[in-house]
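Just so you know, all these numbers are worked out from the coordinates, no wet-lab data involved. The structure presented is a predicted model; accordingly, all values stated were derived computationally and were not measured. Neighbour counts are summed over all protein chains in view; Cβ atoms, including those assigned to glycine, are modelled from backbone coordinates with ideal geometry.
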């Protein structure tokens, strides 16, 4: 049953509303990458199914690099691949505890993508509820 679940999950290309347009616009100004605590083949298949894979310069998975958030080394791998120092990067994540901790430890600004889940005792400095809000925040230079 586990293998069947992963196979079905791999084919899901779920996207947030407006993500393609926002990512294209952001990609004109910024270098984009994905960092995920996921299974490499599943995450890459999901990105391909979503049609968003070409918009990202790098995809770093915990399985692929050997580190998982909140370990900051997973972000260091992505930063190196993108050729961007941590102080010039922004990490957007939906878990303010795990994603935020990884970003802080890596010296990277963190933006919480609030999808309705209450934070577990963590109050991120930057919070957005949509990709359009993220675009506006980034264009204001945090």
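Things to note:
- For semi-axes √(5λ) of the Cα gyration tensor in Å, calculated from these coordinates, the label among [x] 26, 19, 15; [y] 22, 18, 16; [z] 33, 15, 15: [y]
- Between the C-alpha center of segment 106-137 and that of segment 38-80 there is a gap of 19 Å.
- Taking the C-alpha atoms of segment 61-110, convex hull volume expressed per residue in Å³: 61
- In nm, spacing of pseudo-spin labels at residue 29 and residue 136 (7 Å Cα→C-beta vector): 1.3
- Ordering 91, 30 from the fewest to the most neighbouring beta carbons within 10 Å gives 30, 91.
- Value of [θ]222 nm, deg cm²/dmol, for the chain, DSSP H segments ≥ 4, -39500 (n - 2.57) each, nearest 500: -12500 deg cm²/dmol
- Ranking of 135, 28, 69, 80 by count of other Cβ atoms within 10 Å, fewest first: 28, 80, 135, 69
- Ranked list, fewest to most other Cβ atoms within 10 Å of each Cβ, for 31, 46: 31, 46
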